[in-house]
Amino acid sequence: MDIAQALQSSGIAPIDAETMLAFILQRDRAYLLAHSHDAIDEAQEMRWRQYVDRRRTGEPVAYVIGQREFYGRVFHVDRRVHIPRPSTENLVSMALDFLSNPKDDVRDLETGIIGTAKVLRDCSAVTTIVDVGTGSGCIAITLALERPDLRVIAIDISSEALEVAKENAKRLGAARVEFLEGDLLSPLADLSDPFLLISNPPYLSDTANLSPEVKDFEPSRSLFAGESGEEILLRLGAECIQSPYCHGMVYECLET
């Protein structure tokens, strides 16, 4: 079997097929087009067929190949964590802008999704970033690498998600990120540093109509937030306002 035959016989979306085969061959998608008649070996073909079978069940490509690019870096992802989206890359850019020029702001991150920034206290005093609901660690690790002058703490209620985040931090050279397990700001009882809160929390209603690709494979705790979809954001906002050390918030949510 050659590259062209593999792609043509896959029965899945061309971009998905190209992404998976390029991953197996450790090449980019442009290589597939330029070398369409190159043969793939037996081991590669077996792996390819396994990947195609998984994708046909609806499993997201990111889980099939075990990675997702985020802000120019490759993060490991699996079913323990939510798959990072482009909207959250835009949220990171928004947080970096906020750190340079703190002000209240609302931005479109993606269709139907907005980022909100709020100044709560003097943000020029901020020395620490706190990422709540870190998942794969993509936000915390990216900010740690983009702003090495700031302390970064990543929190998640899931020990399994934290395992993935720690793996990513080690592999991407962000071992200085501190990981804490717990609910929202509860692990910060001993923190007395002025911090900026950044979060992509669960913000979907429990009755939200999602595609099977999302509903059947991604962890529900990273998606749903009660009947209104606002329960976690409301709790998080209240905790930030009550904390004398939270000087600002940057978070992702649905446009209403």
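Brief remarks on what is shown
- For segment 58-79 and segment 33-54, distance of Cα centres in Å: 19
- Using a Förster distance of 30 Å, the FRET efficiency for Ala4-Arg107 (Cβ separation, nearest 0.05): 0.10
- Exposed loop sites were defined as trypsin sites (Lys or Arg not before Pro) in DSSP loop states (anything but H, G, I, E or B) carrying at most 16 other C-beta atoms within 10 Å; in the chain the longest segment without such a site runs 177-256.
- The angle between the Cα long axis of helix 42-56 and the main principal axis of the chain comes to about 60°, on a 0 to 90 degree scale.
- Of Pro14, Pro244, Pro86, the one that fluctuates the most in a GNM where the chain has Cα springs shorter than 10 Å: Pro14
- Listed by chain and number, the lysines placed with their C-alpha closer than 30 angstrom to that of Lys170 are Lys215; residues fewer than eight positions away on the same chain are left out.
- Cα-based Rg and Dmax for segment 70-204, where Dmax is the largest Cα-Cα distance (Å): 13.9, 39
- For the chain, the cysteines with no partner cysteine C-beta closer than 4.7 Å are Cys123, Cys138, Cys253.
- Net charge dipole size for the chain [Lys, Arg +1 and Asp, Glu -1 on Cβ; Debye, nearest 20]: 360
- Scattering profile of the chain at q = 0.11, 0.15, 0.18 Å⁻¹ [log10 I(q)/I(0), Debye over alpha-carbon scatterers]: -0.64, -1.04, -1.36
- Under-5 Å amide H pairs with Cys246, H placed in peptide plane, nonlocal only: Phe195
- DSSP-defined beta bridges in the chain - what % are antiparallel, rounded to 5: 45
- Considering only Leu145, Ser9, Ser220, and ranking their Cα positions along the charge dipole of the chain that arises from unit charges at the beta-carbon of Lys, Arg, Asp and Glu, the one farthest toward the positive end is Leu145.
Values in this text are rule-based calculations from the coordinates and carry no lab data. Computed from a predicted model, the values in this text were never measured in an experiment. For neighbour counting, all protein chains shown are included, and Cβ atoms are generated from backbone atoms with ideal geometry for every residue, glycine included.
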